[in-house]
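Novice: Please read through the structure below; I'll follow up with questions.
The values are calculated or read from the model by the stated rules, or taken from the named source; none is laboratory data. If you're wondering where the values come from, they're calculated on a predicted model, not measured in any experiment. Virtual Cβ from ideal backbone geometry, glycine too; neighbours counted across all protein chains shown.
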Amino acid sequence: MLKVEGLTKKYPKSDRYSVKDISFEVKAGEIFGFLGQNGAGKSTTIKCLTGILPFDSGTIEVCGHDIVKDPIGAKLEMGYVPDNHSVYEKLTGREYVNYVADIYRVSKEKRVEIYNQYIELFKLQEAQDKQIKSYSHGMKQKICIISTLVHEPKLWVLDEPMIGLDPQAIAEIIALMKQHVAKGNAVFFSSHNLDLVKRLCDRCAVVNKGEMVDFFDLKDNEENKKNLEERFFKITGTYEERLFKDYTSQELADESPKEEVVESEGDVEENETK
């Protein structure tokens, strides 16, 4: 579904690579997590593989289409949810989804079927004919997600998709991700939520300072799931023992700073007299 080989990207005037020699594959039928600290290169990688940013070297293929040589073919196979819900806010929700459906050449019959399904799922019936600028953050994210699924992409790419969403919406997106891969498609998403990644992903990769540093097989691998947080912090150089310590009430009392008893002037004079 997605094949990245030797991806390298340096921004103009930067003294370091944002992404350096990254390689990985995402297979059909799997949810693939992409982990890293802020500034590690996750969003740059995603913007390169979706065709938003040019890159210096390497190759990216989406369902066999080279993103440089055949960008239209690659993008027709892909749905992308950015981390900032980029939408045209003067359009209504319905108008925006129809606009995206036109770009992806979706028939009117098919788009209506898909649109109605997701509008009902996300409970946006009352807001669908209002301008998107009147939507809350979560509603904008939902309409963005609907627009990425209207053409039934084989590869669904999501950059921090759960930010600002209520628990119900998060559960619905998780269900959609599972349904998407159950049809033989693939999901690639970046996240800071390690609990979500280990619960949801079949595999995940960790990028640090622009370089791919580790891969984890998570499906049916309880040991990797259990140790994901600790290994993540160790390989990114941010490990602290206190983050993984099980504290008892006595340990907390022992570690708390002791209060110094300060005598008042009157107490001092009384003691000296005695």
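Novice: Just need a number here: residues in region 4-50 that are assigned to a loop (DSSP other than H, G, I, E, B) and under 18 Å from H192 (Cα atoms).
Specialist: Of the residues in region 4-50, 6 are assigned to a loop (DSSP other than H, G, I, E, B) and under 18 Å from H192 (Cα atoms).
Novice: When you scan region 67-94, how many residues do you find that are at pLDDT below 95, buried (at least 18 other Cβ atoms within 10 Å of the Cβ) and not in a strand (DSSP E or B)?
Specialist: Adding up the residues that qualify gives 3.
Novice: Could you please let me know if A205 is under 25 Å from N227 (Cα atoms) and among the small types (G, A, S)? Even if it seems obvious, please write down each step before you answer.
Specialist: Numbers: under 25 Å from N227 (Cα atoms): yes; among the small types (G, A, S): yes.
Judged against the criteria, A205 is a match.
Novice: Which members of region 181-226 meet the condition of being within 19 Å of A171 (Cβ to Cβ), without any contact (Cβ under 8 Å) to a residue 40 or more places away in the chain and among the aromatic types (F, W, Y)?
Specialist: Of everything in region 181-226, nothing turns out to be within 19 Å of A171 (Cβ to Cβ), without any contact (Cβ under 8 Å) to a residue 40 or more places away in the chain and among the aromatic types (F, W, Y).
Novice: Determine the pairs where a residue that is part of a loop (DSSP other than H, G, I, E, B), located within region 51-66, has a partner that is exposed (fewer than 13 other Cβ atoms within 10 Å of the Cβ) and modelled with pLDDT under 95 with Cβ atoms under 8 Å apart, the partner being 6 or more residues away or on another chain.
Specialist: Between residues of region 51-66 that are part of a loop (DSSP other than H, G, I, E, B) and residues that are exposed (fewer than 13 other Cβ atoms within 10 Å of the Cβ) and modelled with pLDDT under 95, there is no close pair.
Novice: Right, another one. Tell me the helices (runs of 4 or more DSSP H) entirely within region 157-274 that contain at least 1 residues that are at pLDDT below 95 and β-branched (V, I, T).
Specialist: Output list reads 167-182, 194-200, 222-235, 265-273.
Novice: What is the residue count in region 103-139 for residues that are touching a Lys or Arg at 6+ places or on another chain (Cβ under 9 Å), part of a helix (DSSP H, G or I) and either assigned by TED's automatic domain parsing to the domain that holds F188 or buried (at least 18 other Cβ atoms within 10 Å of the Cβ) (or both)?
Specialist: Qualifying residue count, region 103-139: 4.
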